Amino acid sequence: MATTATVNKKSLWGGGAAKPFKASYGKLMMWFFLLSDAFTFSGLLITYAFLRWSAPAYNGDPDAFTFSTEYWPIPEKVYNAFPGGLHGDSWALVFVGLMTFILIMSSVTMVLAVEAGHRMDKKNVVKWMLWTIIGGLAFLSCQAWEWAHFIHGTEVATIGDVVVNGRWVEGYKIFGANLSFNQYGPPAFAALFFFITGFHGFHVFSGVVLNVLIFFNAANGVYERRGHYEMVEKVGLYWHFVDLVWVFVFTFFYLI
Amino acid sequence: MEQATSNVVVQPADRKKILGIWKVALYMAAITAFEYVLAFNMPAGTLRSAIFIGLTIWKAFYIVSEFMHLGHEVKGLMYSVVLPMMFIMWLIVALVNLEGGAIKDAKGIVDVEAPAQTEHVEKGH
């Protein structure tokens, strides 16, 4: 009897018997954290869209397009490389499509882990958590490659007369991108790319760390002894959120 | 509290539920594939951007409602998450479309019709 009383007290919010929204404390707080995180990402996407909207657009023939600091680049012309030296219009957006597929698949395996948790199926929770971790690591590896390619660049662009380290340089040439200049377009283009995909990538990294912790806890039987797998569900919410943000980043950065 | 239990009952998997999960994944893959078709076969413009954003919100609905299970939670929880986001959407449209456009006009920024001539890009390396 004494044990049951303790368990019941712990499962409440420390108040009355009714649980707000019929959800546990941890799950509800995860939802509100994600809401606040969504505000942060909204702020970043607003900044991106605002700067892009007020920048000169390129309305000419897409085939004649060249990179210039004078207008915003066409995304297909920037993201058109694939590992193995493949590069060109026929590879436009292929790599980012692969990244999207990887992240959506890891979201699916996460749902399957949560579903197995509801059935107390430890073996399958461990299996699907492992797949989710692999998906997360694969996505991070893709992003590392994409960043490296973006920074190293493919073409030399002369970006005119600019101030570099306090000196006036005429006919400044840049290969790839850094935080001040880039070969693709206005300086804000690369700055926003680094900040927004970097901020998202850091979220993915945090998610992978959390998934690894949950994976070991599940494998060691912590949740089986606890009697429920709600922790998988809560970390699952975070993981899906990361996927959700990517869906928006994909549209705004790579398609529009 | 966490006493060792050797009598954990593993319930059998519900095939219908698992098929449902894969079905949602298939829908999302189909929407993304359609976005690719548009990206390569439709000229860029306001209409295409509007379609992309609409499809994105559709995908977001699937993730939030099915994967994150919000569609099956209590209505109050659903609205406490969805309503603030709807106000954010309003803010995005206001800031990006109206303010961004106003600043573009005020600064006298005009779109470019032809590739830049003052700069050149060398192939190679």
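Throughout, read-outs are computed from the coordinates displayed, never taken from laboratory work. Given the structure is predicted, the values throughout are model-derived calculations rather than measurements. Cβ atoms come from the backbone with ideal geometry, glycine included; neighbour counts cover every protein chain shown.
Across the protein assembly as shown the C-alpha pair distances fall into 20 Å bins from zero in the proportions 25, 51, 21, 4, 0 percent.
Peptide A:56-67 has a mean shielding of 5, counted as Cβ atoms of other protein chains within 10 Å of each residue's Cβ. Residues A:T132, A:T158, ranked from the fewest to the most other C-beta atoms within 10 Å, line up as A:T158, A:T132. Applying 1/(1 + (r/R0)^6) with r as the Cβ-Cβ distance of B:I109 and A:A23 and R0 = 35 angstrom yields a FRET efficiency of 0.15.
Think of the protein assembly as shown as having a plus end and a minus end, set by charges on the Cβ of Lys, Arg, Asp and Glu; of A:G166, A:F50, A:G60, A:F50 sits farthest toward the positive end of this dipole. Packing here is the average count of other Cβ atoms within 10 Å per residue, and on that basis the peptides A:114-124, B:22-32, highest first, run A:114-124, B:22-32. Counts of other chain beta carbons within 10 angstrom of each beta carbon in peptide B:19-26 average 3.
Mean residue ellipticity, 222 nm, helices only, chain A: the sum of -39500 (n - 2.57) across DSSP H runs of n ≥ 4, divided by residue count and rounded to 500, is -21000 deg cm²/dmol.
Around B:V110, under 12 Å between beta carbons, what's the net of Lys plus Arg minus Asp minus Glu among the other residues? Local net charge: -2.
Evaluated at q = 0.26 Å⁻¹, a Debye calculation over the C-alpha positions of segment A:56-124 (equal weights, vacuum) places log10 I(q)/I(0) at -1.07. Taking Cβ atoms as reference points and 14 Å as the exclusive limit, the residues near B:V64 contribute a net charge of -3, counting Lys and Arg as +1 and Asp and Glu as -1. The Cβ shell under 14 Å around A:L45 holds other residues with a net charge of 0, Lys and Arg each +1, Asp and Glu each -1. Of the residues B:A50, B:A102, B:P115, the one whose Cα sits farthest towards the positive end of the charge dipole of chain B is B:A50 (charges of +1 on Lys and Arg Cβ, -1 on Asp and Glu Cβ, taken about the Cα centre).
As a length-normalised measure over Cα pairs under 8 Å and 6 or more apart, the relative contact order of chain A settles at 22 percent. Cα centroid separation, segment A:182-256 to segment B:38-66: 21 Å. Counting only other chain Cβ atoms within 10 Å of each residue's Cβ, the peptide A:48-55 averages 6.
Relative to the dominant Cα principal axis of chain A, helix A:2-11 is inclined by about 30°. Neighbour counting of Cβ atoms within 10 Å sorts the residues B:M68, B:M85, fewest neighbours leading, into B:M85, B:M68. Against chain A, whose longest principal axis comes from its Cα atoms, helix A:187-219 is set at around 20 degrees.
Most mobile of A:K77, A:K22, A:K173 per a Gaussian network model of chain A (Cα springs, under 10 Å)? Among A:K77, A:K22, A:K173, the largest GNM mean-square fluctuation belongs to A:K22. Compared with the dominant principal axis of the Cα atoms in chain B, helix B:46-62 is inclined by about 10°.
Evaluated with a Cβ-only charge set (Lys, Arg +1; Asp, Glu -1), chain B carries a dipole of roughly 520 debye about its Cα centre, given to the nearest 20. Here the dipole of chain A is about 1600 debye; that uses its Cα centre as origin and unit charges on the Cβ of Lys and Arg (positive) and Asp and Glu (negative). Restricting the calculation to alpha carbons of segment B:14-71 gives Rg and Dmax of 13.8, 46 angstrom.
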